[in-house]
Each structure stands twice: as C-alpha cells, then as structure tokens.
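Asks: Attaching a single structure in structure tokens format; questions to follow.
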Amino acid sequence: MKGVHRLVAGMLAVGLILSGYGCRTHGVKIGGPGGLQYIPVGDFSSLTGDTATFGTSTHNGLALAIEQANAAGGVKNLPIKLYTEDDQSMPDVARTVVTKLITEDHVIAVVGEVASTRSLAAAPICQQYKIPMITPASTNPAVTKKGDYIFRTCFTDDFQAAVMAHFAHDQGYKRVAVFKDIRNDYSIGIAKIFEREFTKLGGTITGEQTYQEGDTDFKAQLNTLKGQNPDAVLIPGYYSEVGTIARQAREIGLNVPLLGCDGWDSPKLIQAAGNALNGCYFSDHYFSKDIKDPAMQKFFADYKAKYGYTPDALAALGFDAGNLLVDALKRAKSLTPSALRDALATTKDFPGITGKITIDANRNARKAAIIMKIVGEKKVLYKVYTPEEIDQ
Amino acid sequence: MRIFIQQLIFGIQLGSLYALIALGYTMVYGVLRLINFAHGDVYMVGAYIGFYACTYWLPFQRLSADPHATIMNIILAVVVLLLSMLLCGALGVVIERFAYRPLRNGLGITDAHFWGFAISLPVAFHFHLFHKLSDGFGEFLFGIVGYLMIGGIVGYALRPVIRWISLRTVLSPSRLNALITAIGVSLLLENGGWLVFGPNPEFIGTMVPERNFKILGGVIINSSQLAILMISLVLMLILRHIVLHTRTGKAMRAISHDIDAAKMMGINTDQVISVTFAIGGALAGAGGMMVGVLTHVQITPLFGLLPGIKAFVAAVIGGPGNIPGAVLGGIIMGVAEAFVGGSSLSTYRDAIAFAILIIILLVRPAGLLGRNAAEKV
C-alpha cells in the first residue's frame, strides 16, 4: 500500500512540473511615474487554421514595418512593442484575443485581420473600448461601418467587384456564372456587386450556385453551371476551396476561364489546383514584382532578407498598415487612443507601397487594383485599374 | 438528360464513399449496439496517412511523360492505400481495446498499459521522441516504437494502482456510457489532430495520371472517380465474403443476434469485436485515403466531421446493423446530395441529408432494410 501512495505522489509531482510550463512571466509595461516605456500595439492574425497563409503574410509585413520604425528611432523616442495573437482563423477566437490585447496588454491600437468575417467580429470590441483598429486587408464594406474607430488601408469589395465586372466586360465575356461561398460575408458581398455592375455593363449572369467553406465535393454545382454555357465563372472564394473547385471543374469538362478576387492570393493556391487554373484571372491589391517602383522593390528585398521568401500582396498590405500606424503615431498630439484616432482619420496621401493612401470620411482607402493572370504555375501582372477608371 | 445522368454518376460516386464509412458504423452497431462516433475521425486519419505517405514517406515521382514513373506511382498509390487501411484498422482496434472494452468488461489488469501510454505521451513529446511526420516513414516508426517501449514500462509500473482501483469499482455496463465515451474519443482524435498534424490545411498533389472519358452523349467520367467507385465496390465485395463465408463472419452474425448466447457457445467475443473494429477502421482509412489522394481536397483535422455524420445518417437510413442497408443508405445520400447540390437549392445541400433521415424514420423507424424484431449484421 505504501508503494502505491508513493507512486500517486510521484505522478502528482510530474503533473505539477508539466503544468509549470504553461506559466509565463509578464513584462513590466508601465515605466516610472509619468510615462510609457514603450508603445504597445496589438496584432491579431490567422497564423494557423484554414487561411493561415493570409495571417502569416500580414503579420510578417507588419512586424517588418515596426522593426524598421524602431531601428529608425521609434516614435517620440519610444520603441513600439508588438503584441501578436493567433486567432486560429476563427471569429470567436478573434473576439477573445482582441479583448485580451485591449484589457490585459493595454495596447493603444490594434492591427488585423485579413478575413472580413474575423474583422467584423473584432471591430465592435475595439469600438466599445475606443481603441483604433486598422484592418490591413479586410475588404468587406461593413467592417468600417462598425464605428468611428475602425479604419481600413485597402480597397473595398465594392471596388474590387466592380473591377472584376469591368475586366470581364473588357475581356469580351458576355455570359458569366457565379459560384459563391454562402457562409462567407466576403464572397456574398463581391457576388452581389459583381452581378449588379456586370449587368449594368450589358452582360448576362447565367446562374448562381453556392458552396460552403470546408466542402470537398463541388461537382454537382459545377455541372449545373456548365449546363448554362457561361463564357467565364466568377468564384469569389478563398484559396483553400478554389484549388479543389478548379480541379473538379476541369474534371467535369468545364473549361472556361475562372475569375477570382484577392482571396485567391496565396502560395498554396497553385499547390491545391495543379495546372487547373492555367489561364485564369483574379483581382488583387496593387502589388507585384512586375511593377518597377523603387519602394516596392526595396520591400521585396527587405522582406526576403528577413523571412527567406518572396512576399505576397497581403504581406505588403500588412507592411503598409504598419507604416501608416507609425506615421499616425508620430502625428498624434499625444499617445492616447483618441488622439491616435484623430491622426488616423486625417491621413492624406500617405505614400504606401501599394499606392497612395487617403482615408476618406468613411475611414476607407481608395487605391488601384490589378488583375493577375495565372500562367502555368506562375502569377503574372496582366492589367491595372485605377479608382478613376472604375469611377464608382 | 445529359446533366441528369452526369449528376446521377456524381451522386453514386459520392454515395459509394458514404457507404464505405457507413459500413463501419453499421458493423459496430450490429455487434455492440454502439454508435462509434469516432469513426469519422478514423477516416480523417486515413486521409492524413495518405498525405504523409504521398508527400514525404514514399518516393513518388513528379508526373511526366516517362511511362515507368507513371506505373511506379500507381503501384506506390496502391501501397499507400494498403498502408492507410492497415494503420486505420490498427487505430480502430486500439480505440476499441482501450476506450470501449474496459466499459464492457470492467477495468482489467492489462488496462494499466493504456494508462502507461497515456501518461508517457506528454513525456515523449517533452523529450522530442517523435520526429515530425514529414521527416520520413522510418523516423515515424522509430518514434512510435520508442514511445511504445516507454509506455509499456510505465504501464507495467502502474499495474498495482490499476489492481487497487479495479478491486474497488463496481461495473455498471450502460449503453449511454459507451456512447458518451465514443463522443469523447472523437473529440480526442480531432483535437489530437490539431496537435499532431498541425492546423494548416494540407493538399495532396497529382500523384497518379488523370483522364476524362466521354461516354453516351457528352457524359464525362473521370478516371479518379472511376477508381474510387471500383475500389469501393471491390472492398464491399470482400466484406460481403468475410461476413457470409468465413468463420469470423459467422461469429459476427452470431454476436449480433445474441452476444451472451454467442459467448456461451464458446465464441471469443472480444476477439471478434476487435476484428469488426479492424475491418471498419480499414474501410474508413481506404475512404479517407482515396478522397485525399484522388480528389485533392483540403485535409484538416475536422475533415471527417461532416462525412462521418452523413455516413452515420446513411447507416440509420439503411437500418443500423444491416450491411446492404448501409450501402443503400450511402447511395441514397450521395445521389440526393448531388441532385440538390445541382439545383437552385444548392445552399440546402447538407440540410437535405437530415430531411431524408427524418422522413424515412417517420415512415420506417427501423430503417429501409432494418427489421424491428431481430437485427442482423
């Protein structure tokens, strides 16, 4: 019996040691009387999960921007400290980690997310605590409507969808079918505006089918779309499904070009699609290796030096969001969330690498979009559309 | 008409996969009256084994014009299929042995080993015993064997504790306990999947060449779909042979009629139940591997959740415990889903599965082929 007790005690001891790994020591945040030792900034990204490449890219871009700002002396002689949280590509986790960033880490600004669904989940919290939130890449129009503390440094879906409608029209497509993700605000929003704009330009929407994030079999819907003989199919979804959809489309003999939006922009897209996406197009943010702009080329070099691979558009957007934040912090009258908000709201012609950023009255940015073409296993710059050309 | 036949073909192909998973549900239900909710997750593990074997473990070559490489890849794909079936069958046996059997027979002295393995798991992780699954098959085996040795030693040391507990617990066999345990195992596999496989979705590239065949007036059949259909069919025929024409199959049928009588007739029921789980796991593993390798969908640790639920519905539609019923239920589910998915109601694709379930249960509570009085395997 004694041996048994000793064993149980030993097991408890092991358990205690193991649980000790969970603890973390908290750094000192507030310095001596009268001030901050550093400027705490929050970052929530989908570092893992369904859209992991999105969050990893924006986070890397943002971290690079903050690092460069700190190397140049920081803001008001204080370094910026970035608190990063992973939301696992889930909206409810996003809500939790943003609350944690604000209430425990006491950040004065939050940067994030790519997916509109997650930004929409986090925005009300930032608005409630009156902490400015900058989304680098959420394009759904509803995000910045959540309140006057929510900003966006990329174009909106309305613009992107209109670009695709113009592009489809310019390519001479008369009949376009739409295949959208019914559970994704981003996908539904683009489909709606595209249909409106494309019809306005004289085109016909032959039909609409839906799928859901996580589906694996799309052949039934694609077969129906094929029966409508479209010239092209718009799939405003994320890379995680688009690759499979493209393969299955080719399998059933639906061989028309597929059109997409910035949700396609991921290194994993080609891996998932094989060569099924050859000759397809998608709209993306104004960022490509083919654009000969010194600031953009410098970003390419810096990013590759730090992370070892070439950045995608989302990385550039994260970088721009970071630089815009640094700029606003410098212009802010004091280092408080409300002063920072006022500085952000008055941003004008900020020279971002993805285009000049002017924050309008609705806290959105107006920027150019590009069309990328997939050729074999490469993505190449095909066309540029400026806001003036679309003229919404 | 073309579209109709095309949708029908997609439906049958999808249905054959549901049937494959449903067979595992229905066989276990037949012998144990237990709904093994972890079954869909075994299917997920099968897909991951396919992913690691194709991407890291076996020397697949990039598809090119070289016919030798193509033939080699096809042979390797068959090896992956068998490996996936083997490992998933083993997983099925392990789940039964350590999660369900103690509930049935009470805590035995050999269950000490289970706790030994459970306790050594965090220790093994701490000392980085497990290599990354992407390192190679040899490393994977090395990690597993090393872990089993540590777990075995710890388990042996735990034997007195288990004996002490087992002498002081009273067994209350209950179907509800087993059901709740099944849900627990399912959650364990899903969340363990996040830990072991990582949360990023994985894709399997093109490993075997694919071709489209045109038949009767423009209907297209893809070689991969054809392969899935054929392999499923062959596996079902093998299963039919095992159940109807072997001693083990006879024992399974006897157990499903009356487990106590079967025990009294000298049938080693525990062993037969293990075999049932092995067969069910192997079928699910084959299904998961085929979906991953041949249709290139994204694989995540929740990959088995929805197919598992739908296959479960298929088993209930056909009549739980009834093998032809599971196949019929699977095909009905697949075809219904294809037709709804192809119509203007494609949003309600998943809802239709459960609508069918409700309607059929209202009309025939025991399922289409099930009998109210005596169920058979």
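No lab work stands behind these numbers, since they all come straight from the coordinates. Since the model is a prediction, treat every value here as computed from it, not as a measurement. Here Cβ is always computed from backbone atoms with ideal geometry, including for glycine, and neighbour counts include all displayed protein chains.
Asks: Taking the dipole about the Cα centre of chain A, with the C-beta of Lys and Arg at +1 and of Asp and Glu at -1, give me whichever of A:A177, A:I193, A:T386 is farthest to the positive side.
Replies: A:T386
Asks: Arrange the following residues from fewest to most other Cβ atoms within 10 Å of their Cβ: A:E208, A:E377, A:E251.
Replies: A:E377, A:E208, A:E251
Asks: Quick one: net charge of A:E195's neighbours, Cβ under 14 Å, K/R +1, D/E -1? Intermediate results must be reported in sequence, preceding the final value.
Replies: Values: positive: A:R175, A:K180, A:K192, A:R196, A:K200; negative: A:D157, A:D158, A:E197, A:E208.
Result for the neighbourhood of A:E195: +1.
Asks: For the stretch A:134-277, with only Lys/Arg (+1) and Asp/Glu (-1) charged at the beta-carbon, what is the dipole magnitude about the Cα centre, in debye rounded to 20? Spell out each step's value before the answer.
Replies: On the way: 15 positive and 17 negative charges, 40 e Å.
My answer is approximately 200 debye.
Asks: Pulled fully out, how much extra length does the chain show between B:L195 and B:T110, if you take 0.36 nm times their separation in residues and subtract their Cα-Cα distance?
Replies: Details: separation 85, 0.36 × 85 = 30.60 nm, distance 2.76 nm.
So the chain would gain 27.8 nm between B:L195 and B:T110.
Asks: Per residue and in cubic angstrom, what volume does the convex hull of the Cα atoms of the stretch A:206-260 have?
Replies: Per residue, the Cα convex hull of the stretch A:206-260 comes to 70 Å³.
Asks: For chain B, how many pairs of lysine residues have a Cα-Cα distance under 27 Å, where the two are 8 or more positions apart or belong to different chains? Write down the numbers at each step before the final one.
Replies: On the way: B:K250/B:K263; B:K250/B:K376; B:K263/B:K376; B:K310/B:K376.
For chain B, the number of qualifying lysine pairs is 4.
Asks: Work from the charge dipole of the stretch A:192-342 (Cβ charges, +1 for Lys and Arg, -1 for Asp and Glu, about the Cα centre) and give the residue of A:A246, A:G279, A:S266 farthest towards its positive end.
Replies: It is A:S266.
Asks: For Cα pairs less than 8 Å apart in space and 6+ apart in sequence, what is the mean separation divided by the residue count of the stretch B:253-377, i.e. the relative contact order in percent? Please list the in-between numbers first.
Replies: Numbers: 109 pairs, mean separation 32.8, N = 125.
Relative CO of the stretch B:253-377 lands at 26 percent.
Asks: Rounded if a/c is under 1.5, else prolate if a/b is larger than b/c, else oblate: which is the stretch B:135-204, with a ≥ b ≥ c the root eigenvalues of its Cα gyration tensor? Don't skip to the end; give the middle numbers.
Replies: Details: a/c = 4.00, a/b = 1.38, b/c = 2.89.
Here the stretch B:135-204 falls in the oblate category.
Asks: Taking neighbour counts of Cβ atoms within 10 Å as a proxy for exposure, in what order, fewest first, do A:E113, B:E202, B:E210 appear? Let's see the in-between values first.
Replies: Numbers: A:E113 32, B:E202 21, B:E210 18.
Final ranking by Cβ density, sparse to dense: B:E210, B:E202, A:E113.
Asks: Once the other residues with Cβ under 11 Å from the Cβ of B:G341 are scored (Lys, Arg +1; Asp, Glu -1), what is the net sum? Please list the in-between numbers first.
Replies: Values: positive: A:K219, B:R349; negative: A:D215, A:D217, B:E337, B:D350.
The answer is -2.
Asks: Now for a different question. State, to one decimal in nm, how far the label point of B:I358 lies from the label point of A:V375, with both points 7 Å from Cα in the Cβ direction.
Replies: Placing both labels 7 Å along Cα→Cβ, they lie 5.4 nm apart.
Asks: Find, among the chymotrypsin sites (Phe, Trp or Tyr not before Pro) in the stretch B:202-298, those assigned to loop by DSSP (not H, G, I, E, B) with at most 14 other beta-carbon atoms within 10 angstrom. Write out the running numbers ahead of the final one.
Replies: Numbers: sites: B:F203, B:F213, B:F277; in loops: B:F203.
Answer by residue number: there is no such site.
Asks: Run the reach check for A:K379 against lysines, Cα to Cα strictly under 16 Å, same-chain hits fewer than 8 apart removed. What comes back?
Replies: By straight Cα distance, A:K379 reaches A:K268, A:K289.
Asks: Under 8 Å for C-alpha pairs, at least 6 residues apart: give me the relative contact order for chain A, rounded to a whole percent. Numbers along the way, then the final one.
Replies: Details: 797 pairs, mean separation 63.9, N = 392.
Relative contact order here is 16 percent.
Asks: Show that you can apply the helix-only estimate: for chain B, add -39,500 (n - 2.57) for every DSSP H stretch of four or more residues, divide by all residues, and state [θ] at 222 nm to the nearest 500.
Replies: Values: 14 runs with 264 residues, N = 377.
Per the formula, -24000 deg cm²/dmol.
Asks: Same structure again: Can you give the three extents of the C-alpha atoms in the stretch A:157-232 along their principal axes, from longest to shortest, in whole Å?
Replies: Principal-axis extents of the stretch A:157-232 (Cα, largest first): 33, 27, 15 Å.
Asks: Something else: Taking the Cα centre of chain A as origin and charging only Cβ (+1 Lys, Arg; -1 Asp, Glu), how large is the dipole, in debye to the nearest 20?
Replies: Working: 43 positive and 41 negative charges, 155 e Å.
Roughly 740 debye for chain A.
Asks: Here's another thing I want to ask about it. Looking at B:M252, A:N229, B:N36, which one has the Cα that reaches farthest to the positive end of the dipole of the protein assembly as shown (charges on Cβ: Lys, Arg +1; Asp, Glu -1)?
Replies: Looking along the dipole axis, the top candidate is B:M252.
Asks: About its Cα centre, what dipole magnitude does the protein assembly as shown give when the only charges are +1 on Lys and Arg Cβ and -1 on Asp and Glu Cβ, stated in debye to the nearest 20? Mind dumping the intermediate values first?
Replies: Numbers: 66 positive and 56 negative charges, 279 e Å.
The dipole magnitude comes to about 1340 debye.
Asks: With loop defined by DSSP as not H, G, I, E or B, and exposure as at most 13 other Cβ atoms within 10 Å, which is the longest segment of chain A clear of exposed chymotrypsin sites (Phe, Trp or Tyr not before Pro)? Before the final figure, lay out the partial values.
Replies: Working: sites that count: A:Y21, A:Y309.
Formally, the longest exposed-site-free interval is A:22-308.
Asks: So which aspartates and glutamates can A:K81 reach, going by Cα to Cα under 12 Å and dropping same-chain residues fewer than 8 places off?
Replies: The qualifying aspartates and glutamates are A:D43, A:E67, A:D105.
Asks: For the protein assembly as shown, just say rounded, prolate or oblate: build the C-alpha gyration tensor, square-root its eigenvalues into a ≥ b ≥ c, call rounded for a/c under 1.5, and beyond that prolate if a/b exceeds b/c, oblate if not.
Replies: Details: a/c = 2.17, a/b = 1.34, b/c = 1.61.
Since a/c reaches 1.5 but b/c is at least a/b, the shape of the protein assembly as shown is classed as oblate.
Asks: Further question on the same structure: Can you compute the FRET efficiency between B:S174 and A:R183 using 1/(1 + (r/R0)^6), with r the Cβ-Cβ distance and R0 = 35 Å? Round to the nearest 0.05. Mind showing how you got there, number by number?
Replies: Values: r = 38 Å, r/R0 = 1.09.
Computed FRET efficiency for B:S174 and A:R183: 0.35.
Asks: Are there trypsin sites (Lys or Arg not before Pro) in the stretch B:137-239 that DSSP marks as loop and that have at most 13 other Cβ atoms within 10 Å, and which are they? Show your work: numbers first, answer last.
Replies: Numbers: sites: B:R163, B:R168, B:R175, B:R211, B:K214; in loops: B:R168, B:R211.
Listed in order of number, the matching sites are B:R168, B:R211.
Asks: When chain B is treated as a GNM, springs tying every alpha-carbon pair under 10 Å, which of B:T295, B:T347, B:T276 comes out with the largest mean-square fluctuation?
Replies: Answer for the Gaussian network model of chain B: B:T347.
Asks: Can you work out the PRE-style zone for B:I238? Point 7 Å along Cα to Cβ, and I want the residues of the stretch B:260-278 with backbone N under 16 Å.
Replies: Backbone N within reach: B:275-278.
Asks: Still on this structure, I have one more. Residue-wise, which Karplus ³J(HN,Hα) couplings in Hz belong to the stretch A:46-60, taking 6.51 cos²θ - 1.76 cosθ + 1.60, θ = phi - 60°, and x for glycine or proline?
Replies: 8, 6, 9, x, 3, 10, 4, 5, 4, x, 4, 5, 5, 4, 4
Asks: With runs of 4+ DSSP H residues as the only contributors, calculate the mean residue ellipticity of chain A at 222 nm using -39,500 (n - 2.57) per run, divided by the residue total and rounded to the nearest 500.
Replies: Details: 13 runs with 170 residues, N = 392.
Dividing the helical sum by the residues of chain A leaves -14000 deg cm²/dmol.
Asks: To continue, here is another question. Could you let me know the centre-to-centre spacing of the stretch B:209-252 and the stretch A:157-177, using Cα atoms, in angstrom?
Replies: Comparing the Cα centres of the stretch B:209-252 and the stretch A:157-177, I get a distance of 43 Å.
Asks: Here is a follow-up. Compute the distance from the alpha-carbon center of the stretch B:21-88 to that of the stretch A:201-237, in whole Å.
Replies: Spelled out, the Cα-based centre of one part sits 31 Å from the other.
Asks: While we're on this one: If each residue's Cβ is checked for other Cβ atoms within 10 Å, how do B:V42, B:V243 rank with the fewest at the top? Can you show the working numbers first?
Replies: Values: B:V42 31, B:V243 20.
Lowest to highest Cβ neighbour count: B:V243, B:V42.
Asks: Another question, then. Where the centre of each part is set by its Cα atoms, how far does the stretch A:315-340 sit from the stretch B:307-377, in angstrom?
Replies: 56
Asks: Decide, for the stretch A:122-192, between rounded, prolate and oblate: order the square roots of the alpha carbon gyration tensor eigenvalues as a ≥ b ≥ c, take rounded if a/c falls under 1.5, and otherwise choose prolate if a/b is larger than b/c, else oblate.
Replies: Cα axes put the stretch A:122-192 in the prolate bin.
Asks: Quick one: length gained pulling B:I183 to B:T70 fully straight, 0.36 nm per residue minus the C-alpha distance?
Replies: 36.5 nm
Asks: Now for a separate question. Suppose R0 equals 51 Å; then what is the FRET efficiency for A:K174 and A:Q68 from their Cβ-Cβ distance, rounded to the nearest 0.05? Working shown, then result.
Replies: Numbers: r = 48 Å, r/R0 = 0.95.
The pair A:K174/A:Q68 has a calculated efficiency of 0.60.
Asks: Using a 7 Å offset from the Cα along the Cα-to-Cβ direction at both B:L216 and A:L36, what is the distance between the two label points in nm, to one decimal?
Replies: According to this spin-label approximation, the distance is 7.2 nm.
Asks: I would also like to ask the following. Grab every C-alpha pair in chain A, bin the distances at 10 angstrom width from 0 up to the longest one, and report whole percents.
Replies: 5, 23, 30, 21, 11, 6, 3, 1, 0
Asks: With each label point set 7 Å from Cα along the Cα-Cβ vector, what nm distance links B:A90 and A:N275?
Replies: In this crude label model, B:A90 to A:N275 measures out at 3.8 nm.
Asks: Please compute the net charge surrounding B:R104, taking Lys and Arg as +1 and Asp and Glu as -1 over other residues with Cβ under 10 Å from its Cβ. All intermediate terms of the calculation are to be shown ahead of the outcome.
Replies: On the way: positive: B:R101; negative: B:E96, B:D270.
Here the count lands on -1.
Asks: Please report the relative contact order for the stretch B:1-151, taking Cα pairs under 8 Å with a sequence separation of at least 6, and give it as a percent rounded to a whole number.
Replies: Numbers: 87 pairs, mean separation 30.1, N = 151.
Answer for the stretch B:1-151 is 20 percent.
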